[in-house]
Each structure stands twice: as structure tokens, then as C-alpha cells.
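The values are calculated or read from the model by the stated rules, or taken from the named source; none is laboratory data. This is a predicted model, so every value here is computed, not measured. In this analysis, Cβ positions are derived from the backbone assuming ideal geometry, glycine residues included, and neighbour counts consider all displayed protein chains. Surface areas here come from the heavy atoms of the whole protein model, side chains and all, with no ligands, DNA or RNA. Shrake-Rupley method; radii C 1.70, N 1.55, O 1.52, S 1.80 Å.
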Amino acid sequence: MQKFKRKVFYLGGFDPRGVRFYHQLYRDQAGRYDRLTGEGVTVGGRRAGPAGSVVSTIWSVDNEQAGVETDYEFLRWEDLVGKVWIRNPLTLAFRSIATYVGHGRFMQFKRMKALRPGPVLTICYPPFLAVMIPLLFALLPALLLWSVLPFWAAALAGIGISAMASGKWLNKLVVPWLLRFTYYHHTLAAGGPGDALDARLDAFARRMAEELDEPWDEVLFLTHSAGTILGMSVMRRLFDLRGIALPDHFAMVGMGQVVPVVALRTDARWYHADLRALADKHFRYVDLSFPPDGAAYFNVNPLLLESDTHAARVDMLSPRFHLFYDPENYHGGWSNKYEAHFDYLRVGDRLSPVDFLSLTAGRRTLDDAIAAFRTIP
């Protein structure tokens, strides 16, 4: 069997955990894929990419039985995330005030709700819970203790109980992460990428441009979560480098797409220009966003947020994760939206043609995988 050679570029979300975490996650999911297929996928160790380890890290994926070799390149920006990752809760609280003032001035909430109401709730509930949970954990014990203690002592006890208990519940509900995510994208929309991220996006586009003429059977640009926002800017840069045409074996995939978080800010003029620049460009785009994922914009074509038409060949699909897990194993997307947001990178109890390992280590091309997925009732 002739080897099928695939190049994958992966651009992840707003996450400081970085390449070590995602390399191990890939290895774990490759093990699940092996148990389902028996194909014996092996995942190599990490090594620096051609532009240096700051820009990317590469590992090999060898599916010997299926005759597939994948060169997997993890595009790195977690160091930039780490520099803006707010750890002090008081700092996070004060910056969140500025965030929601900015959203109130510039976010097109009415249009956002018309596109998809779920993400509106995801953006709006963190500040509400950040106030109400500590308040309830302080108020209820204080009222109960007031019957046996002086008011000042009961109030201090309530504050102490709240300080110990509320953080656990806020973390369980992913409130701090969402506040950090929202603050960062508020600053990104208002001020643009900045010099460091701008240079990194340029480097990502150069790496992709360098590989397009190499003898790959398929080149995939996989973006996840906040990476789908930056991915559109990388695509604009890629066309700046390559001209109006990209090879037929190249495709971009958006997983858990959140482009409207920035695109629907009226002050994000730099980003609107990136989206408009893609309107007349011919390329393959596939959007995989799951309706129960409260952060994702299911069935929202990002190429139509700033333009009435587009030249790209687009498929908008739900990956329907619930079909590929046994009921006792599936975490339930509606009740655990944070986990649902990472299902795009996992393998279920049954193989899906469009799960992450099937797309990156399997024999099917992206178009063949989508065709097979569409046959599933």
C-alpha cells in the first residue's frame, strides 16, 4: 500500500497548558483509537519545528496498518497566553468590570443572540455567578450564626466561609476561566493582536506557506476554540503570501468555533478587515461545532459575518458526539459545557469519521470523512 502522507497544523485555544498537555492528550486519544481499530497508531516524541520551538513543536503520527504518515505541527502561543493569564482574583474582578463595560459599548448582543443564544449566556453568566456565589456563601451562614453570635462575629464568620468555599464552586462552573477568556478577547478586539502575537501569526502563516508545495497528500489547518478566531487572521496572511489560490489538498477546519466573540465587536475593525479579505478567496473550510457546547457557534458561518457572500467551499456540521459514546460514559454536554468544548479533541466509545484521530491519523481524506459521516443516520 502506498503511504498516505498528511501534514497537520494545529492551532489551539486560550490555554496556558501548552504543548506538553496537548501532546499527552493526543497520545491518550491515539490509544483509544487503537483499541477501536487495532491499527497500531504510534505517536512520536516532541521536537522543535523548523522555525524554532517558540513558533511550533512537531511530532510524528504513524499508522502503519492503514499506510498513513502524519507530520503533526502544534502552533504555539501558550507563552503569550501565560503572560496575560490573570491569577489574582481581585485583579481579575477589576478587569472584568472593564471587560463588560467594553462589551456593553461595542458588542452586538442582539445580533449575537440571533445567531446563537447559547454563547450569549456563556458570556453573561460568569460575572453574575462571580458576585452571587460568594455573596450566598457569606450571607446564609452569617444569618444562621447571627442567632447565637453578635452581628459582627456572624458577618466575619460568613465572609470566612465564603472565602473557603466559593472558589471551589466558581472553578467547578469554569467562571474564572471564562472571565479570563472574555477579558482577553475584549482587549484583542479593542487593541488588535499587538506586536508579539502579530509576529507569531505571521510566523504561522509562513510555516504553512512553506509546506504547501511539499509532497503531501493532504494539508489540514485544524483550529480549536479561540484558535478559530486567530485562524482566520492566519488565513488572511497565508493568502497574502501565496496569492489568490491555495492547492486543492489544503483545508481549514474550525472546531468549537467562536469567531463572533471578536467579529461582533464594532471596534474590532482590524479583524473585520481580515474577514472581508477572505470573502473572495477560494479555499476549503469545514466547521465542526456541537450545539450543546455552550461556547461554540453551531451553524454560524464565520465567513458571512462581514460579507454577504464567500468564494470558499464550506461545510457546516455538528459532530454529534452523543452518538459515539455509551450513555453511561458520556458526560452530558448540556450539563458539562466545559467538557463538551474539548470533545473535538477526543475519541468516543465508537469511532466517528470526523473525530480528531480519524481526521489526523486515519486513511480517509477530509472530504471522504465528511461523506462517510453524512451517511450516519
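Taking 7 Å steps out from each Cα toward its Cβ at SER307 and ILE376 produces label points 3.1 nm apart.
What share of all Cα pairs of the stretch 276-377, in percent, falls into each consecutive 10 Å distance bin? That works out to 14, 41, 32, 11, 1, in percent per bin. If both residues of a DSSP beta bridge must be in the stretch 202-357, then about 0% of such bridges are antiparallel. As a rough guide to protection, the peptides 300-306, 197-203 ranked by mean Cβ packing within 10 Å, highest first, stand as 300-306, 197-203. Taken about its Cα centre, the stretch 150-292 carries a charge dipole of about 760 debye when Lys and Arg each add +1 at the Cβ and Asp and Glu each add -1 at the Cβ. For the chain, the longest principal axis of the Cα atoms and the long axis of helix 194-211 meet at an angle of about 20 degrees.
Applying a DSSP loop filter and a limit of 13 other Cβ atoms within 10 Å to the GluC sites (Glu not before Pro) in the stretch 1-106 leaves GLU64. For the stretch 131-286, the residue among GLY160, ALA226, LEU178 whose Cα projects farthest onto the positive side of the dipole built from Cβ charges is GLY160.
Taking only the Cα atoms of the stretch 254-298, the ratio Rg/Rh comes out at 1.02, with Rh defined as the Kirkwood radius. Using equal-weight Cα scatterers in the Debye expression, the normalised intensity of the stretch 164-292 in log10 at q = 0.14, 0.15, 0.22 Å⁻¹ is -0.69, -0.77, -1.39.
Give me the Å³ per residue figure for the convex hull around the C-alpha atoms of the stretch 223-314.
Cα-based convex hull of the stretch 223-314, divided per residue, equals 84 Å³.
Summed over all non-identical Cα pairs, the Kirkwood treatment of the stretch 25-94 gives a radius of 14.6 Å.
Each label was represented as a point 7 Å from its Cα along the Cα-to-Cβ direction; for MET164 and GLN108 these points are 5.0 nm apart. Taking 1.002 mPa s as the viscosity and 20 °C as the temperature, the Stokes-Einstein diffusion coefficient of the stretch 38-166 based on its alpha-carbon Kirkwood radius rounds to 107 µm²/s. For the chain, the alpha carbon positions stretch 81, 46, 42 Å along the principal axes, listed from largest to smallest. Charged side chains reduced to their Cβ positions (Lys and Arg at +1, Asp and Glu at -1) give the chain a dipole of some 1080 debye around its Cα centre.
Placing +1 on the Cβ of every Lys and Arg and -1 on the Cβ of every Asp and Glu, with no other charges, gives the stretch 15-138 a dipole of roughly 960 debye about its Cα centre.
Surface calculation, 1.4 Å probe, protein heavy atoms: HIS272 sits at approximately 20 Å² accessible. Give me the log10 of I(q) over I(0) for the stretch 85-145 at q = 0.14, 0.18, 0.25 Å⁻¹, as the Debye formula computes it from C-alpha points; what are the numbers? Each listed q corresponds, in turn, to -0.56, -0.79, -1.06. Looking at the chain only, what percent of DSSP beta bridges run antiparallel? Nearest 5 please. Percent antiparallel among DSSP bridges in the chain is about 30. Remark: the stretch 171-215 carries 42 Å² of accessible area per residue (probe radius 1.4 Å; ligands, DNA and RNA excluded). The residues of the stretch 31-75 expose on average 42 square angstrom of accessible surface per residue, using a 1.4 Å probe on protein heavy atoms.
Computed over the Cα atoms of the stretch 91-219, the ratio of the radius of gyration to the Kirkwood radius (Rg/Rh) comes to 1.21. Which residue, chosen from LEU80, HIS249, TYR125, occupies the Cα position most advanced towards the positive end of the dipole of the chain, where the dipole is computed from +1 (Lys, Arg) and -1 (Asp, Glu) charges on Cβ about the Cα centre? Of LEU80, HIS249, TYR125, it is TYR125.
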